[in-house]
Amino acid sequence: MDKIKCGIIGATGYAGAEIVRLLISHPLAEIAAVSSVSYEGMKLSEIWPALSGLCDLPLISGDDITDGKTECDVVFAALPAGVSEEMAEKCVKRGILFIDMGADFRFSDAATYEKWYGKPFAYPGIHKDSVYCIPELHRDRITPDTLIIGNPGCYPTSVALGIMPAIKHGLIGTDRIIIDSKSGVTGAGRKLTQDTHFPDNNESFNAYKAGSHRHTPEIEQTVSELAGHEVKVTFVPHLLPVNRGILSTIYADMKPGTSLDDVYSAYSEAYKNEFFVRLEPKGSYANIRNVRRSNFCDISLHSDEHTGTLIVTSCIDNMVKGAAGQAIQNMNIRFGIPENTGLTDAPTMF
């Protein structure tokens, strides 16, 4: 097959640059165009010297990509919420796949998006053409005709993969689900803020947006779909003084008569054919170090017999499985090639 021509809008941000890094070694894809508002006219490798000799393309405007001035089969948008819809509409009209890394196409309910993001859908008509896809849960939603894919958020990905088998097999109650997540600083984006400023973040560890993080409704949307009824969760994110990684620890009440062996069997069965989900041996603990710069999700299972609580720890690299890698995984599904194409590099071990 001809190589898939890829355009990346927002290529100088963390997620956009990570897409470029991964696509460089993708055997069935090529980078056709890269864009940036802040650095238009410069080469991408001038902004990210690590890409010198690997991607020296000039940075053009996003409109040049979506309006057809460059030839693309797929456009990745690594942009803030509220910016992608207009670009998606242009791509849909041209029959080009649009994969949104922001929040604009993550919600089936427009009112939920408006409540949490403070604005209505700008182009409500195109949402019927979109699918939200965590591949291990929703790959069947993507068809050869899909034109918009809402790429999941990083925290929701770690939680959904961590909790799916327990809910689907009815091993836990859904009245009390508590999610304690920690993320590396890249999750906050490249723009500097006081909390991500090195002197404030280094040798620091703190919770933020407790009970009010925008990923809460996305988590609840997926968990509710799995449970078959509305589920509310308590979600508290934390900021780790590391560049990459998410570690989510999920607590839920085990159903009476359920053992940790039962849970382990359910998870082993659910993920036995999933290349990117690795179940840790009994007694081991998932660690962000072991998924760094990879598209893997590592899961470990534990229980508190005293309280009857299931404890699931789920680890991903927030920039890969939580963003760019999952976007490429979704692209692979859409174009009918093996999901792990271009994503099989081993995690860095130190």
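For the stretch 205-280, the convex hull drawn through the C-alpha positions has a volume of 150 cubic angstrom per residue. The fraction of all Cα pairs in the stretch 155-318 landing in successive 10 Å bins from 0 to the largest distance is 11, 39, 35, 13, 2, given as whole percents. Using amide H atoms built 1.01 Å from N in the peptide plane, name the residues 5+ places from Leu97, or on other chains, whose amide H lies under 5 Å from its own. Answer set, sorted by chain and number: Val75. Fewest-first ordering of Arg214, Arg176 by other beta carbons within 10 Å of each residue's beta carbon gives Arg176, Arg214. Taking the empirical scaling 2.2 N^0.38 Å for compact globular proteins as reference, the stretch 1-151 has a Cα radius of gyration ratio of 1.03. As a proxy for reagent exposure, Leu137, Leu97, Leu192 were ordered by neighbouring Cβ count within 10 angstrom, fewest first; the result is Leu192, Leu137, Leu97.
Counting only residues at least eight positions apart within a chain, or on another chain, the lysines with an alpha carbon under 20 Å from that of Lys69 are Lys3, Lys5, Lys43, Lys90, Lys93.
Could you pull out the longest piece of the chain with no exposed loop GluC sites (Glu not before Pro) in it, calling a site exposed if DSSP puts it outside H, G, I, E, B and it has at most 16 other Cβ atoms within 10 Å? Show your work: numbers first, answer last.
Working: sites that count: Glu40, Glu71, Glu203, Glu230, Glu274, Glu305.
In the chain, the maximal stretch lacking such sites is 72-202.
Within the chain, DSSP assigns beta bridges of which about 45% are antiparallel (rounded to the nearest 5). Result for the chain in a Gaussian network model with C-alpha springs under 10 Å: among Asn273, Asn151, Asn295, the largest mean-square fluctuation is at Asn273. Once each part is reduced to its C-alpha centroid, what is the distance from the stretch 1-27 to the stretch 141-188 in angstrom? Here the two parts' Cα centres lie 24 Å apart.
Every number here is computed from the coordinates shown, using simple stated rules; none is lab data. Computed from a prediction, not measured in an experiment: that's the story for all the values here. Glycine gets a Cβ as well: all are built from the backbone with ideal geometry, and neighbour counts include every protein chain shown.
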